[in-house]
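As structure tokens, the structure follows; a few thoughts come after it.
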Amino acid sequence: MRKTFKLDIMTPEASVFKGEVYSLVAPAALGYLGILAEHAPIVTNLNAGKIIIKENSGQETVIHNKGKGFLEARNNKAVMLLDFIE
């Protein structure tokens with residue numbers, strides 16, 4: 001079984017995603033950034049682009065970020081705050 005971490009994705013209007021995932025790929029300021037369980041602590045700006053979430057069940061979710069945002073990952077939890085999504 002793959003190691004997982006908690007992920008919360010929020011916009012000002014709603015909670016977009018909340019759950020346990022094993023992989024997150026997000027459009028960071030300097031290029032796409034991959035996050036796995038036990039990732040080193042990081043805080044980064046996000047740009048518009050595809051956010052790819054992979055769950056242990058094998059399900060892949062793609063969210064299209066249309067604005068800016070922030071990502072913080074630490075202690076096996078990642079939080080994304082986004083302006084708006086498609």
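Yes/no matrix, rows are residues, columns are (1) basic (Lys, Arg); (2) under 19 Å from Glu20 (Cα atoms); (3) touching an Asp or Glu at 6+ places or on another chain (Cβ under 7 Å):
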| position | (1), (2), (3) |
| --- | --- |
| Asn47 | no, no, no |
| Ile51 | no, yes, no |
| Gln59 | no, yes, no |
| Ile63 | no, yes, no |
| Gly67 | no, no, yes |
| Glu72 | no, yes, no |
| Asn75 | no, yes, no |
| Val79 | no, yes, yes |
| Ile85 | no, no, no |
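Pairing each residue of the range 4-23 that is under 13 Å from Met80 (Cα atoms) with any residue that is among the hydroxyl-bearing types (Ser, Thr, Tyr), provided the two are 6+ apart or on different chains, yields C-beta distances under 8 Å for Asp8/Ser15; Ile9/Ser15; Phe17/Thr61. Among the residues here, Ala78 qualifies as part of a strand (DSSP E or B), surrounded by 11 or more Cβ atoms within 10 Å (Cβ to Cβ) and either in contact with a Phe, Trp or Tyr (Cβ under 9 Å, 6 or more places away or on another chain) or in contact (Cβ under 8 Å) with a residue 60 or more places away in the chain (or both).
We did not get these values from a lab; they are worked out from the coordinates using the rules stated. Keep in mind it's a predicted model, so treat the numbers as computed, not measured. Cβ: placed from backbone, ideal geometry, glycine included. Neighbour counts: every protein chain shown.
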